[in-house]
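The numbers here are math on the coordinates, done by the rules we state, and not lab data. Since this is a predicted model, take the numbers as computed values, not measurements. All Cβ positions, even for glycine, are placed from backbone atoms using ideal geometry, and neighbour counts span all protein chains on display.
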Number of protein chains: 2
Amino acid sequence: MKNYVITIARQYGSGGRLIGKKIADHLNIPFYDKELISLAAEETGYAESFVTKMEQKKSISFFTNLYMTQQELPATDQIYLAQSKTIHDLANKSSCVIVGRCADYVLKDYPNCIRIFIHAPIESRIERLEHEYKETHKNWEDYLHKQDKNRSSYYNYFTQETWGKSLNYHMTLDSSIGIDESVEILLHLVKNYQSKFK
Amino acid sequence: MKNYVITIARQYGSGGRLIGKKIADHLNIPFYDKELISLAAEETGYAESFVTKMEQKKSISFFTNLYMTQQELPATDQIYLAQSKTIHDLANKSSCVIVGRCADYVLKDYPNCIRIFIHAPIESRIERLEHEYKETHKNWEDYLHKQDKNRSSYYNYFTQETWGKSLNYHMTLDSSIGIDESVEILLHLVKNYQSKFK
């Protein structure tokens, strides 16, 4: 069977990263999330901590970018390009699960790619962040809205597409049904696609 | 186990209706689509053919509505309200599958409701409409875009929400994976929810 890639975009606090990890473990294929940042960091020559910081800044870092690079592409763009190259290299190397990093868009012409978006109602996300990540915020609604906006702007800036738009994914799933339940459902999706890959 | 309702919104030509029918048959529960129009027609006193026609007109029928009803709610609104009442009655009577008619929104406060949106890439929709429905159009892209716009406007007019927006559904699915494959995946979703219904 040929290589295939499962891309997972996800709302912050939806458990999408954990779902992706469990799927990768179940299929016995590599999982890339923060690991991808490290790989991209090596590629650009930037320090990993700087890549992480710039990744979270996306398009509003226009002035920072201007200030930092006068002769080259803005730093965020360089990092995006390096990550995109890394994503293509990984997709060509072996089957894998990639979380975030606009991977669904980066691999838009890759034939064996299953595009997934994970979301959850606000109360479910708060519960997960409070219990799993021990996060606490005065105004959860504002905080999560800001997180969504950041991811949405980052995605839109680099792809000119709408983050989380159902038509751009093979499946979008509300993970409040449960992490293991979501994994089970998604493995059925993957199983059905596996028999069709070219 | 308590009653549950599966609502299916779908792009024209995506096979969503057929998927809904197969799910209902598999779960041995009633399936409502055009049948719902008949029920609503009885409720309003309008003829079934008139209901069908008005349903397709949605919000742009403002002047028609004004002309037709000077003392009452516009005809489309009356029909929507009658259908909404019918949907609530059906949901309270027995488990069922309901296709279209903004049922996901109508039942937004109904606890045991699984909301699904089915879509497919344009080439898959054209193939289905050509082979299954023997449809032919000079400009398929324009035609399907118009169908999407009609459904989207109808939904937006009555719900003030965005039709097909992933966050409003438990699952959205690209049906080009195959009708039976989609049914299989959705039955897994339903099975997982069934054990959680109150």
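At 7 angstrom along the Cα-to-beta-carbon line, where would the label on A:Asp180 sit relative to the other copies? Give the distances in nm, shortest first.
Result for A:Asp180, in nm, nearest copy first: 3.1.
Reachable lysines from A:Lys138, Cα under 22 Å, same-chain residues fewer than 8 places away excluded?
Those lysines meeting the cut-off are A:Lys146, A:Lys149.
Can you check what the net charge comes to around A:Gln11, using other residues whose Cβ is under 9 Å from the Cβ of A:Gln11 (Lys, Arg +1; Asp, Glu -1)? Intermediate values should be presented prior to the final figure.
On the way: positive: A:Arg10, A:Arg125, A:Arg151; negative: A:Asp148.
With Lys, Arg at +1 and Asp, Glu at -1, the neighbours total +2.
What are the label-to-label distances in nm, one decimal and shortest first, from A:Glu123 to the same spot in the other copies, with labels 7 Å along Cα to Cβ?
Listed shortest first, these distances are 4.4 nm.
To make sure I understand the rule: partners must be aspartates and glutamates, Cα under 19 Å from the Cα of B:Lys134, and not fewer than 8 residues away in the same chain. Which ones qualify?
B:Glu123, B:Asp142
Once the label point is placed 7 Å from Cα along Cβ, list for B:Pro30 the distances to the corresponding points in the other copies, in nm, shortest first.
5.5
What's the extension gain from B:Thr159 to B:Asp89 if we count 0.36 nm per residue and subtract their Cα-Cα distance? If you can, show how the numbers build up before the last one.
Working: separation 70, 0.36 × 70 = 25.20 nm, distance 1.93 nm.
Length difference between fully extended and current span is 23.3 nm.
Straight-line reach only, C-alpha to C-alpha below 24 angstrom: list the lysines that A:Lys191 could link to, leaving out same-chain residues fewer than 8 apart.
A:Lys2, A:Lys21, A:Lys22, A:Lys93, A:Lys108, A:Lys165, B:Lys21, B:Lys22, B:Lys191
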